[in-house]
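Everything below concerns the one structure shown next.
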Amino acid sequence: MSTLKNRLTAIVEEAFAAAGYNKELGAVTFSDRPDLCQFQCNGALTGAKIHRKSPMMIANDVLPNLSENEIFKSVTVAPPGFINMILSDEFIAEEAEKMAESDRLALPVTEKKTIVVDYGGPNVAKPLHVGHLRAAIIGETLKRLARFLGNDVIGDVHLGDWGLQMGLIISELYREQPSLCYFDENYTGEYPAESPVTIDDLSRLYPQASARSKEDEEFRMAAMQATKELQNGRAGYVALWRKFLEVSVADLKRSYARLGVDFDKWLGESDADPYVAPLLKILDDKKLTYLSDGALIADVAEETDEEPMPPVIISKSDGSQLYATTDLATIIQRAEDFNPNEIWYVVDSRQSMHFKQVFRLAKKAGLVDDDTVLYHVGFGTMNGSDGKPYKTREGGVMSLSVLIDSAKAAAKERIEASEVAKDLTDAERDDVAEKIGIAAIKFGDLINHRARDYIFDLDRFLATEGKTGPYLQYTVVRITSLLNKAMAANAAPGKLLPPQSDTERELLIKLFSVGDVLLRAFEDKAPNAICEVMFDIAGLFNRFYFENKILAQENEEIRASWLGIIELVRRMLLMLLDIFSTDVPEKM
């Protein structure tokens, strides 16, 4: 379904063409000055150079072709050539009614594409930490947005589950428990069903092993040998690796679930390993690689580059492979498995050079079609009050579960101090605190453009006023309470009437803008645009709520219309909150 703005653009384009001007000048936008008009067209300013006329002359020539259209209450021209449009209240009511009658609120869909979203990237054997937050919630929101707009979307966690870190853990576990059957090369029985390690063990083993490898050359060589034997299929090591994976993924799923993050595929670097050999053959056949000081590299620099573009290192002199190799192999795998139109990588902006190199080489090697989009959705860092990446009070990296628990505990304190606490059981208070804490974290992050760094301020994020997740939740709870009271009084939403006030009118126009915002957020991969329109809608609803005594309205048709608008706002906010995978408590 076309958005209202696009339908208005078609009308104004026809008006420009009828007046003898370029049709493309008729693009309509929502007004920056809603106190003056609702929509505007600035095409006359652009057309002045093309048609060698003043913008005012062009705008006035177009004006008669719009003034007679009954959907407009008024169309005026303002210096230096703006065409300002105000819709008739009757047309606004008709459009709102169509929105209310639609299962998806008349929101648009895009041309269907297959999109893979790579947005996890955690390493096996390590708990999630705050550095994983942004990739998880930005990626999940973009996945859900793309799916809502009608695309086939595959979300992939892309686990770091292969390479030296596995050899390090195997070697460290051998130091502690050498008698385990996994280390016996002559063992022929079935390996135990129960894992020999817990997630706490893995969290301890890896940093121990990593530190030891930097001080003990013999240990480092043993870890490298263990890695090689694992990758060559040594039965005991493969069985042990599977246990590491099983324990880690179970823990990762618990943490991601608390954030409302869910992956369609739990694939890792190990799944791409079978594609490395075919990758190397493709690169060799196309003469894209050469040896330099024993390392296999590929040039990707172009004459038009304005900054140095280093070559891609495919393998080091010792034969070990780097992230670029795995990422290129993964592209082959995804092309075979999903044949995607686009692959989005939701990864820290500091990796931008890496992805430029990988994408260029993927295209040069023909790993994907020329029209396949490879897109790095870069994001900034989450910082503490000192402006540096967020840390614990002791200066260490905070685990994600500790961050979530902190937000939940702070939310629970506020609940305990509120009037609503007496109406909640202990279990309900816990559930409400979890939902509020998660919303605070998510919207504290997502209200910022993804490319920006931002300061994590939990007290500010938990506020029920301002641009926060709890404010949106509280608005929905208020609406639900109002609708429940209306139902108890035998009052129900009804046919939407022409708006009765400026606030009501502005609220409906803002609802009409959501479709365009979703399309822009999808195009720019920018969830903050959706956040902004949600806060605008919530703010206008609350203004509308305070300006009108809705349940006390004696005119039944007006009251039913107002309840209909309120129900429309509730549906819209819930639909958008679902894109953000954010739940709303029943009480706040």
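Using a probe of 1.4 angstrom, how much of the accessible area of segment 50-170 is carbon and sulfur, in percent? Display every interim value, and only then the final one.
Numbers: 2320 of 4510 Å².
Result for segment 50-170: 51 percent of the exposed heavy-atom area is carbon or sulfur.
When only Cα pairs under 8 Å and 6 or more residues apart are kept, what is the percent relative contact order across the chain?
14
Among 480-487, 242-249, how do they line up from the highest to the lowest mean number of other beta-carbon atoms within 10 Å? Numbers along the way, then the final one.
Working: 480-487: 15.0, 242-249: 18.4.
Output ranking for 480-487, 242-249: 242-249, 480-487.
Give the peptides 228-235, 60-67 in descending order of average Cβ contacts within 10 Å, highest first. Can you show the working numbers first?
Numbers: 228-235: 14.8, 60-67: 18.0.
So the order, starting with the most tightly packed, is 60-67, 228-235.
Put +1 on the Cβ of every Lys and Arg and -1 on every Asp and Glu Cβ in segment 1-149; which of Tyr21, Met56, Thr46 then has its Cα farthest towards the positive end of the dipole?
Going by the charge dipole, the pick is Thr46.
Compute the normalised compactness of segment 432-513: alpha-carbon radius of gyration over 2.2 N^0.38 Å, N being the residue count.
Numbers: Rg = 16.8 Å, N = 82, 2.2 N^0.38 = 11.7 Å.
Rg over 2.2 N^0.38 Å, computed on Cα atoms: 1.43.
For segment 260-397, with all protein chains present and a 1.4 Å probe, just round the carbon and sulfur fraction of the accessible area to a whole percent. Write down the numbers at each step before the final one.
Numbers: 3530 of 7390 Å².
Within segment 260-397, the accessible surface is 48 percent carbon and sulfur.
Under a plain spin-label model, where a point goes 7 Å from the Cα along Cα-to-Cβ, how far apart in nm are Glu194 and Asn60?
9.0
Quote the charge dipole size of the chain about the Cα centre in Debye, to the nearest 20; the model charges only the Cβ of Lys and Arg (+1) and of Asp and Glu (-1).
On the way: 67 positive and 92 negative charges, 153 e Å.
Roughly 740 debye, rounded to the nearest 20.
Would you work out the charge dipole size for segment 12-91 about its Cα centre, treating the Cβ of every Lys and Arg as +1 and the Cβ of every Asp and Glu as -1, and quote it to the nearest 20 debye? Walk me through the intermediate numbers first.
Numbers: 6 positive and 10 negative charges, 101 e Å.
The dipole of segment 12-91 has a size of about 480 debye.
Where does each of 319-327, 187-195 land if you order them by average Cβ count within 10 Å, highest first?
Ranking the peptides 319-327, 187-195 by packing returns 319-327, 187-195.
On the Cα set of the chain, report Rg and Dmax in Å, please.
28.9, 91
Enter the accessible area per residue of the chain (Å², integer; probe 1.4 Å; all protein chains in place). Walk me through the numbers on the way to the answer.
Details: 27640 Å² over 588 residues.
Per-residue accessible area for the chain comes out at 47 Å².
Accessible area of segment 182-259 with a 1.4 Å probe: how many percent of it is carbon plus sulfur? Don't jump to the answer; show the numbers that get you there.
Numbers: 2080 of 4450 Å².
Exposed carbon and sulfur together represent 47 percent of the surface.
The values are calculated or read from the model by the stated rules, or taken from the named source; none is laboratory data. Just so it is clear, the structure is predicted and the values come from calculations on it, not from any experiment. Note that we place each Cβ from the backbone using ideal geometry, even for glycine, and neighbour counts take in every protein chain shown. The protein model used for the area step is the full one, side chains on, heavy atoms only, and it has no ligands, DNA or RNA in it. Shrake-Rupley method; radii C 1.70, N 1.55, O 1.52, S 1.80 Å.
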